[in-house]
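The values are calculated or read from the model by the stated rules, or taken from the named source; none is laboratory data. These numbers come from a predicted model, not from an experiment. Note that each Cβ is placed from the backbone with ideal geometry, even for glycine, and that neighbours are counted across all protein chains shown.
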Amino acid sequence: MNGDDLAGPPSAPAGPLEPWPDTVRWQPISPDLIWVELIRLGVLLAVLLIGLGLGWAFSGQWLFGAALGVVVLLAGWRAATIVRAVHAWGYAEREHDLLVRHGLLVRRLSIVPYSRMQFVDVSAGPLERAFDLATVQLHTAAAASDARVPGLRPAEAARLRDRLTALGEDRAEGL
Amino acid sequence: MSDGPADPRPPAHWPTAPQPGAPGTAGQGWPGHGWPGPPGVAPPPRAEPRQRLHPLSPALHGAKSLVVVIAGLSWSTLSRVGFGWFAAMAAVLALGATVLAVISWYNTGYHIVGRELRVHEGLIWRRTRAIPLERLQAVEVVRPLLAQLTGLAELRLEVVGGGKTEAPLAYLGVAEAAALRKRLLAVAGRPPEAVAPTAGQAAAPAPAGRRLHTVRNADLLVSQLLTPQAFLLPFGVAFVVTQFLSQGSWSFIAVASTLTAMAGVLLQPVRRVLDDWGFRLDRDGDTLRVRNGLLETRVQTVPLHRVQTVGITWPLLWRMRSWLRLRLEVAGYSAAEPDDRNRPDRLLPVGDLRTGELVVAAVLPGVRLTALPLTPPPRRARWLRPLSRSAIGAGLDDRVFAARSGVLTRQLAIVPYARIQSVRVTQGPAQRRLRLATVHADTAGGAGVSAHDRDLAEAWELAAELTARAHAARRADEDPHA
């Protein structure tokens, strides 16, 4: 994966993730999400390292050492991608639908009409709250739809939620 | 959207009246006869007395549990405790189940209030389920063998949002079930015109409307013989027999277990034959009526505008007869129910192309199965799909989006624009190298339709076009409503 088309800031000229540059104004999410993700990764890494380290110390198996090295390498690679993955998240509100794009290795763009919205989730875990962030998720009747926007400031999350519910109520349709 | 217990999730604006079955109020008496309405607040618009299920239903439930008990005790228990004790254990357990069934029957009631069906149940944990009928997707009348002998039927409702079948009302009299089905469908909106005046008092749910197709039972049998299970069974039998002959051990348990295992393998084709026996398809005004089953007859009624996707499958072994199978996805039958027996999604168990075309045209008006404008992905997609590049394809028709896939088992999925919930574009790393992308159209229920490995520019165009057409189709759908 060579992310040359992602090197620039997300609002840069049309890349493959930005299909309709003239009609869509992409909003980036807060870069603070990088820290949240890094801390999550760090916690996971610490747990793994302690487990593997104890195993190594008690059994003396060299395999544990090798696993330790692999885990550290993977974590380093993941940390590098987290930064770019967070920059790759974006959302845009159009007249009739919400666009959400994310993903580095596998890139995804979701187009969800407001009228198809069943309910909106706003959630914020302890770590997200510590960084003053929230996640908005839009649910449709289709289980496959994924329209999740993490890393929003609470004010922006509330605005998005209110706007989505207002638009959804206006245009709600049966299945 | 699947979250454990089956609670119909009312939309935010739904007026929820306090429910008499709520745990908090469980202490106050609930006399068997004078069913009280919801306490407090203004009385609901069109309250009617609660109705009980058919008095024979506990007996049927008890008989059903007898089968379960025997299966649960299994062969090994039988050989360990002897027949007398086995029969006694089964009888005691089944009797207990029957007593419970009587109690639950006594405390179960249903009625239609306004635009919802309320089902009250439970003795200790009272529960009232209010099922909004706007969200009704399909109604099914199921008659297991015992119910057929006693003239009863079970009514099942599919409501979107519930992870599983809502409110199986088991059991009702047949006439009662047919009448209730008619009422429910009428309340559910867009009442089918042909339903109001005729039939309903007749003992059997009388087929009104136009017969679309009847599957010949001989075809059904042949089609199920042309499945891998039936094909491979002789080899399995030969293997087991040689095993036995070489070891020379013929204990009762071994033989019984082998037979059970054999039955397990054959279960699917045999079930298909039993389930799809006498398959008939009727169109009744705006609804589609699917009727099938030998031992257990099912009559499924689906309003046509509830059809989410139609899937067409050409199994490999059926190609010699150029047969196909049609499936129908309705919102509500979610992936939470993997048992395909309880997912009544059959539209045509077996048929030739002409029949398939006819049925598809009836279900999705204006769609011609053989004339769908499907185009294969660009040539460079062969790096990703060396074998199946020419087998996959996708295209936009006037009213539907269609995509085909599969080399050995060819499949085609069709979704009407008006039923598309969301559109997604995904691009994996290899696809990025080749400047390809996959476009998914998600539907409620079923897996949706995906156009794999389209050229990137075409994929964006497809996504934009799908979004626009879905929007326009919903608008057009809405107008007659309002």
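If you filter the stretch A:133-150 down to residues that are more than 7 Å from chain B (Cβ to nearest Cβ) and assigned to a loop (DSSP other than H, G, I, E, B), you find that the one that is surrounded by the most Cβ atoms within 10 Å (Cβ to Cβ) is A:LEU133.
No other residue among A:ALA130, A:ALA157 is of a type in the set (A, V, I, L, M, F, W, C), at negative phi and surrounded by fewer than 14 Cβ atoms within 10 Å (Cβ to Cβ) apart from A:ALA130. Here the stretch B:127-150 is the region considered, the condition is being farther than 22 Å from B:LEU295 by Cβ and outside any strand (DSSP E or B), and the residue that is nearest to the chain's Cα centre (by Cα) is B:ARG135. Cβ-Cβ contacts under 9 Å between residues 6 or more apart (or on different chains), taken from a first residue in the stretch A:99-110 that is more than 7 Å from chain B (Cβ to nearest Cβ) and closer than 15 Å to B:GLN431 by Cα to a second residue that is assigned to a strand (DSSP E or B) and among the hydroxyl-bearing types (Ser, Thr, Tyr), are listed as A:GLY103/B:THR426. The set of residues in the stretch B:448-480 being of a type in the set (Gly, Ala, Ser) and either more than 17 Å from A:SER110 (Cβ to Cβ) or touching a residue at least 12 places away in the same chain (Cβ under 8 Å) (or both) consists of B:GLY448, B:SER450, B:ALA451, B:ALA457, B:ALA459, B:ALA463, B:ALA470, B:ALA472, B:ALA473, B:ALA476.
The single residue among B:ALA470, B:ALA464, B:ALA459 that is within 14 Å of chain A (Cβ to nearest Cβ) and under 28 Å from the mean Cα position of the chain (by Cα) turns out to be B:ALA470.
With respect to being surrounded by 16 or more Cβ atoms within 10 Å (Cβ to Cβ), more than 14 Å from chain B (Cβ to nearest Cβ) and farther than 24 Å from A:LEU138 by Cβ, A:LEU73 falls outside the description.
Residues of the stretch B:390-410 include at least one that is touching a helix residue (DSSP H, G or I) at 6+ places or on another chain (Cβ under 6 Å), touching a residue at least 12 places away in the same chain (Cβ under 8 Å) and over 26 Å from B:LEU364 (Cα atoms). Examine the stretch B:82-99 for a residue that is more than 14 Å from chain A (Cβ to nearest Cβ) and not in a helix (DSSP H, G or I), and state whether such a residue exists. Scanning the stretch B:82-99, I find no residue that is more than 14 Å from chain A (Cβ to nearest Cβ) and not in a helix (DSSP H, G or I), so the answer is no. Among the residues of the stretch A:82-98, write down those that are in contact (Cβ under 8 Å) with a residue 12 or more places away in the chain, facing chain B (nearest Cβ under 10 Å) and not in a strand (DSSP E or B). Hits for the stretch A:82-98 are A:ARG94, A:HIS96. Looking at the stretch B:348-446, the strands (runs of 3 or more DSSP E) lying wholly inside it that each contain 1 or more residues that are within 14 Å of another protein chain (Cβ to nearest Cβ) and of a type in the set (A, V, I, L, M) sit at B:410-416, B:422-427, B:436-442.
Answer yes if at least one residue in the stretch A:14-22 is at pLDDT 90 or above, in a loop (DSSP other than H, G, I, E, B) and either out of contact with any helix residue (DSSP H, G or I) (no Cβ under 8 Å at 6 or more places or on another chain) or surrounded by fewer than 15 Cβ atoms within 10 Å (Cβ to Cβ) (or both), and no otherwise.
Restricting attention to the stretch A:14-22, the residues satisfying the condition of being at pLDDT 90 or above are none.
No, that holds for no residue.
Looking across the stretch B:447-456 at every residue that is surrounded by fewer than 22 Cβ atoms within 10 Å (Cβ to Cβ) and facing chain A (nearest Cβ under 9 Å), the one that is farthest from B:ALA381 (Cα to Cα) is identified as B:ALA447.
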